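Student: The following block contains the structure, expressed as structure tokens.
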Amino acid sequence: MPSTRALVAALLVLLSACATSRPASQADAPALSPAQQALRRIVDAHFEEQFRRFPQTATSKGLHTYDDQLAGFTPGEQLAWAAVLKQELATLPQQVDRTRLPLLDQADYDIFESNLKARILEIEEVRGWERNPNTYLGIASSSVYALINRDFAPLEQRMRSAVARMSRLPEVFAAGKAALKNPPRLWTEIALQQAAGTRSLLASTLPQAFAPVKDAALQESFAREQAKALAALEDYVRFLREDLLPRSNGDFAIGESIYRRKLTYEEGVTEDIDSLLAWGRAELKRTQDEFREVARRLDATKAPMDVYRELGKEHPTPAELVPTTRATLETIRQFLVDQHIITIPSEVRAQVAETPSFNRALSFASMNTPGPFETTATEAYYYVTPPDPSWSAEQTEQHMSFYNRHALELVTIHEAYPGHYVQFLWTNKKVDSKVRRLMGSGSFSEGWGLYTEQMMLEAGYGGTGVTADKLKLNQLALYLQRLARYMVGLSLHTRGMTYEQAVRFFEEEAYMTRINAEREARRGTSDPTYLVYALGKKMILELREEAKARWGKDFTLRRFHDAVVSYGYPPVPVVRRLMFGEN
């Protein structure tokens with residue numbers, strides 16, 4: 001086992017090597033001012049300490065120094081980290097004179113400062129480690145899943161790391177039993193349901209992933225730790241069902257004070273809740289009216305949702321799913337190039353593939369990009385999930401309806417071109433700031449994906465007539481779901497909306513089936529700011545209008561889009577300041 005000093009040294013070398021990704025050589029770069037140097041030292045030290053305390057985070061970011069370690073899951077570790085963050089926050093203005101920083105570094109300073117505040121708020125006031133039983137299932141699952149999700153090292157090496165992490169899982173579940181106090185009953189019920197996924201991961205997914213390893217002693221070691229982890233999981237499930245559930249009487253709402261601070265720290269949004277809700281109500285009604293109008297154009301004899309569901313029948317066969325998706329990917333990419341929508345800073349394609357079998361229960365479609373510091377497994381995969389061969393014809397048809405031609409194009413736009421994959425390419429190629437590579441904003445990332453769905457149709461993708469209307473109806477349906485999240489997230493946590501009222505809202509306002517409405521409402525109780533999709537799209541559209549007004553005849557979509565995605569993943573208000581050169 002290397003020494004702590006050696007580990008730290010290796011981490012610093014890797015961070016330094018990965019941080020510089022601009023094409024200009026180091027010799028050409030201007031010398032850093034004392035304020036810039038001080039900020040970089042603080043940021044480097046922060047991430048070094050974070051990765052040491054939370055090794056599973058390091059793995060997810062592409063740093064593999066701590067792959068065989070698992071930490072940061074006890075209440076004591078959480079509160080100790082909050083104390084470190086508070087000390088960093090207090091000393092930041094003493095060590096760095098923000099007024100002496102260039103514009104990009106001022107943005108990094110502000111993002112870093114806000115991120116510290118957001119993490120302190122989560123630990124000390126939201127207190128998911130004390131209130132949400134699913135926290136510990138999530139730690140257990142993500143810590144080992146990260147070791148099979150990408151081929152960043154030989155399988156045997158990753159298996160050894162998995163064995164080491166599994167050996168700590170009994171401690172994870174014991175920490176949960178000791179820490180949890182009066183969660184909402186719904187959250188304990190959700191955790192009992194989610195435990196089945198963790199059990200499947202440990203019992204089936206991991207051994208399936210590591211089956212090719214021939215080392216018999218390693219396989220025996222794996223089986224031994226797996227049995228202990230599964231026994232600890234079953235003990236945790238008994239605790240949830242027999243002990244915690246009867247005394248789960250807490251409230252899921254975080255309250256207006258915490259909610260507003262979360263929006264300020266995480267998204268740079270300072271509007272009051274009433275103003276946010278007023279916009280949401282108006283936008284929801286406008287979108288519903290447009291949805292009904294487009295449905296009438298397609299078939300005036302049917303109810304709008306029946307028209308929408310009919311489109312689900314226009315899908316490829318299971319065997320055609322990957323080649324159809326690959327062709328769709330290229331068609332959309334070429335449209336971006338031909339119509340000068342955005343610069344694509346790499347010829348490297350996202351590889352279309354079937355979702356790995358060990359993850360098919362968790363995902364319909366996903367973009368899997370490497371962590372910002374990954375140097376080995378650098379490929380990006382756009383995964384689509386085929387139906388299970390054992391399913392009935394009806395089950396297969398329901399599954400494949402998700403991949404109807406029109407929905408598949410919109411999902412591909414959101415996930416790949418010009419959505420998340422193009423965001424990743426720009427950040428990977430153009431951004432050398434650790435802050436803007438590692439401290440992202442949900443409203444920018446997801447807002448951009450949602451914005452591109454509408455923008456591409458506005459730019460002419462899909463042509464005109466019936467085909468265009470079918471695409472538009474799908475786009476509006478997806479937007480209604482995100483608008484419902486926006487309204488429900490705000491209302492559940494600041495306006496006293498109940499879970500049942502949230503379910504009805506998704507059914508009545510976003511036209512969702514009961515089962516999907518329940519899933520969305522459950523998520524909203526523990527993910528209060530899942531309004532970020534619609535909120536981010538709103539801010540990006542407002543930013544586009546401002547750019548048109550400021551740039552006049554010099555405005556083009558490509559100029560605007562290239563500017564927006566060139567800064568990494570900061571909150572949209574920070575993007576605005578950088579675009580227009582404002583402090």
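Student: For a test of understanding, tell me how many lysine pairs in the stretch 154-293 have Cα atoms under 26 Å apart, given they are 8 or more places apart or on different chains.
Tutor: Qualifying lysine pairs in the stretch 154-293: 4.
Student: Let me ask something else about it. Please figure out what share of the DSSP beta bridges in the chain is antiparallel and state it in percent, rounded to the nearest 5.
Tutor: In the chain, DSSP labels about 50 percent of beta bridges as antiparallel.
Student: Also, quick follow-up: Provide the FRET efficiency to the nearest 0.05 for the Ser167-Ala300 pair, computing r from the beta carbons and using R0 = 45 Å.
Tutor: Efficiency at R0 = 45 Å is approximately 0.10.
Student: Excluding residues on the same chain fewer than 8 positions from Lys430, give the lysines whose Cα lies under 22 Å from its Cα.
Tutor: Correct list for Lys430: Lys61.
Student: To the nearest 20 debye, what charge dipole does the stretch 208-361 have about its Cα centre, counting +1 at the Cβ of each Lys and Arg and -1 at the Cβ of each Asp and Glu? Walk me through the numbers before you get to the answer.
Tutor: Numbers: 22 positive and 27 negative charges, 51 e Å.
Using Cβ point charges on Lys, Arg, Asp and Glu, the stretch 208-361 gives about 240 debye.
Student: What are the extents of the Cα atoms of the stretch 31-247 along their three principal axes, in Å, largest first?
Tutor: 57, 47, 22
Student: Calculate the dipole size of the stretch 385-471 relative to its Cα centre from +1 charges on Lys and Arg beta carbons and -1 charges on Asp and Glu beta carbons; express the result in debye to the nearest 20. Kindly include the intermediate steps, with their values, before the conclusion.
Tutor: Working: 7 positive and 10 negative charges, 128 e Å.
Dipole size: approximately 620 debye.
Student: Return the calculated 222 nm mean residue ellipticity for the chain, to the nearest 500 deg cm²/dmol, obtained by summing -39500 (n - 2.57) across DSSP H runs with n ≥ 4 and dividing by the residue count.
Tutor: Estimated from H runs of four or more residues: -20000 deg cm²/dmol.
Student: For the chain, with the dipole built from +1 on Lys and Arg beta-carbon atoms and -1 on Asp and Glu ones, taken about the Cα centre, which of Leu79, Gly440, Ala365 lies farthest toward the positive end?
Tutor: Sorting the options by dipole projection puts first Leu79.
Student: If you project the alpha carbons of the stretch 210-269 onto their three principal axes, what span does each projection cover, largest first, in Å?
Tutor: 56, 36, 12
Student: Just to be sure I understand the model, the point goes 7 Å from the Cα along the line to the Cβ. What's the resulting Trp279 to Lys553 distance in nm?
Tutor: The modelled label-to-label distance comes out at 3.3 nm.
Student: Among 468-480, 423-435, what's the highest-first ranking by average C-beta atoms within 10 angstrom per residue?
Tutor: 468-480, 423-435
Student: When ranked by the protection proxy of mean other Cβ atoms within 10 Å per residue, highest first, what sequence do the peptides 502-514, 106-118 form?
Tutor: Final packing ranking: 106-118, 502-514.
Student: Dipole of the chain, Cα-centred, from +1 at each Lys and Arg C-beta and -1 at each Asp and Glu C-beta, to the nearest 20 debye?
Tutor: Computed about the Cα centre, the dipole is about 520 debye.
Student: With viscosity set to 1.002 mPa s at 20 °C, what whole-number translational diffusion coefficient in µm²/s follows for the chain from Stokes-Einstein and a Kirkwood radius over Cα pairs? Please report the intermediate quantities before stating the final value.
Tutor: Numbers: Rh = 25.5 Å.
The estimated diffusion coefficient comes to 84 µm²/s.
Student: So which DSSP H runs in the chain come out at 18 Å plus along the axis (Cα) with average Kyte-Doolittle of at least 0.0?
Tutor: Values: long enough: 4-19 (22 Å, 2.06); 34-53 (29 Å, -1.02); 75-95 (29 Å, -0.17); 103-121 (27 Å, -0.05); 185-200 (24 Å, -0.34); 216-238 (33 Å, -0.22); 273-298 (37 Å, -0.70); 321-338 (25 Å, 0.28); 442-458 (24 Å, -0.32); 465-494 (43 Å, 0.22); 514-526 (19 Å, -1.72); 532-551 (27 Å, -0.32).
Helix filter hits for the chain: 4-19, 321-338, 465-494.
Student: If you don't mind, there's one more thing I want to ask. Given the C-alpha centroids of the stretch 93-123 and the stretch 535-583, what is the distance between them in whole angstrom?
Tutor: Going from one Cα centre to the other spans 21 Å.
Student: Moving on to the next point. What is the projected area of the convex hull of the Cα atoms of the stretch 249-352, averaged over all directions, in nm²?
Tutor: Quarter of the Cα hull surface area: 13.2 nm².
Any read-out appearing in this document is the output of simple, stated calculations on the displayed coordinates, not a laboratory observation. Everything numeric here is computed off the predicted structure, so don't read it as measured data. Positions of Cβ are generated from backbone atoms using ideal geometry, with glycine treated the same way; all protein chains shown enter the neighbour counts.
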